1. Assuming L98 fulfils every condition listed in (1) modelled with pLDDT under 95; (2) buried (at least 17 other Cβ atoms within 10 Å of the Cβ); (3) more than 18 Å from I154 (Cβ to Cβ) apart from one, which condition is it?
2. Name every residue in the range 15-34 that is free of Cβ contacts under 8 Å to residues at least 60 places away in the same chain and either among the hydrophobic types (A, V, I, L, M, F, W, C) or in contact with a Ser or Thr (Cβ under 8 Å, 6 or more places away or on another chain) (or both), in order of residue number.
3. Out of the range 59-82, which residues are among the hydrophobic types (A, V, I, L, M, F, W, C), in contact with a Gly (Cβ under 7 Å, 6 or more places away or on another chain) and closer than 16 Å to V111 by Cα?
4. Which one of the conditions (1) under 14 Å from the mean Cα position of the chain (by Cα); (2) modelled with pLDDT of 95 or more; (3) crowded, with 19+ Cβ neighbours inside 10 Å does G84 fail to meet, given that it meets all the rest?
5. Residues in the range 42-65: is at least one hydroxyl-bearing (S, T, Y) and in contact (Cβ under 8 Å) with a residue 60 or more places away in the chain?
6. Only one residue in A108, A151, A69 is without any contact (Cβ under 8 Å) to a residue 40 or more places away in the chain, touching a Pro at 6+ places or on another chain (Cβ under 9 Å) and closer than 17 Å to I3 by Cα. Which one?
7. Considering each residue of the range 104-126, count those that are small (G, A, S) and more than 30 Å from D147 (Cβ to Cβ), and give that number.
Amino acid sequence: MIIAPVQKHERQALLDLAVSTGLFTPEDAEGLLGRVLDSLTAGDLPSGHTAVSCRESYGSPVVGWSYFAPDPYAEKVWNVWWIGVSPSHHGMGVGQALLAHVKQAAIASGVRIIVIETSDQAPLARARQFYLKLGYKECGRIPDFYDKGDAKVIFSCSITGATGA
């Protein structure tokens, strides 16, 4: 797997991948993720905001990507705001490689905790199990956060002294 910083020319491929997960409409992907990608590639976001893409080999299509950043209200805490893998590559180590990359970058930066938030809805059950498998702990739920009947589930991973995903 090749993981590298997102490039401006990858924008549409990254948005298409987000839509392919079934979690976003094209309009939602554009509005939520497109704006972040534009700000990131223009250098308009604070230091530490990072998006990386994952490919099987140089020149091959993007099969996953992640966006993470320091939490502005907590010292040495990072949030993984987005991680997405093409459905054709689920179970092939792409998500694990992306989160391992995030963790290694966090360790190099002296980060204490990585936080991932997600919905408790059925389409994200696989993602929640994936986070648990990688050692993230479910540390909280906020009922009706995203909508009535749709709780926010918060996962964290303490990485002080950690050595890998």
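The values are calculated or read from the model by the stated rules, or taken from the named source; none is laboratory data. The structure presented is a predicted model; accordingly, all values stated were derived computationally and were not measured. Methodologically, a virtual Cβ is constructed for each residue, glycine included, from the backbone with ideal geometry; neighbour enumeration extends over all protein chains shown.
1. L98 satisfies all of (1) modelled with pLDDT under 95; (2) buried (at least 17 other Cβ atoms within 10 Å of the Cβ); (3) more than 18 Å from I154 (Cβ to Cβ) except (1).
2. Filtering the range 15-34 down to residues free of Cβ contacts under 8 Å to residues at least 60 places away in the same chain leaves 15-16, 19, 24-34.
L15, V19, F24, A29, L32, L33 - these are the residues of the range 15-34 that are free of Cβ contacts under 8 Å to residues at least 60 places away in the same chain and either among the hydrophobic types (A, V, I, L, M, F, W, C) or in contact with a Ser or Thr (Cβ under 8 Å, 6 or more places away or on another chain) (or both).
3. Start the filter on the range 59-82 by keeping residues that are among the hydrophobic types (A, V, I, L, M, F, W, C), which leaves 62-63, 65, 68-69, 74, 77-78, 80-82.
With the extra rule that they be in contact with a Gly (Cβ under 7 Å, 6 or more places away or on another chain), the set shrinks to 65, 69.
Within the range 59-82, A69 is the sole residue that qualifies.
4. G84 satisfies every listed condition except (2).
5. Applying the first criterion (hydroxyl-bearing (S, T, Y)) to the range 42-65 yields 47, 50, 53, 57-58, 60.
Now drop any that are not in contact (Cβ under 8 Å) with a residue 60 or more places away in the chain, which leaves none.
The answer is no, given that none of the residues of the range 42-65 is hydroxyl-bearing (S, T, Y) and in contact (Cβ under 8 Å) with a residue 60 or more places away in the chain.
6. Numbers: A108 fails: touching a Pro at 6+ places or on another chain (Cβ under 9 Å); A151 fails: closer than 17 Å to I3 by Cα.
One residue alone meets the criteria, A69.
7. Number of matching residues: 5.
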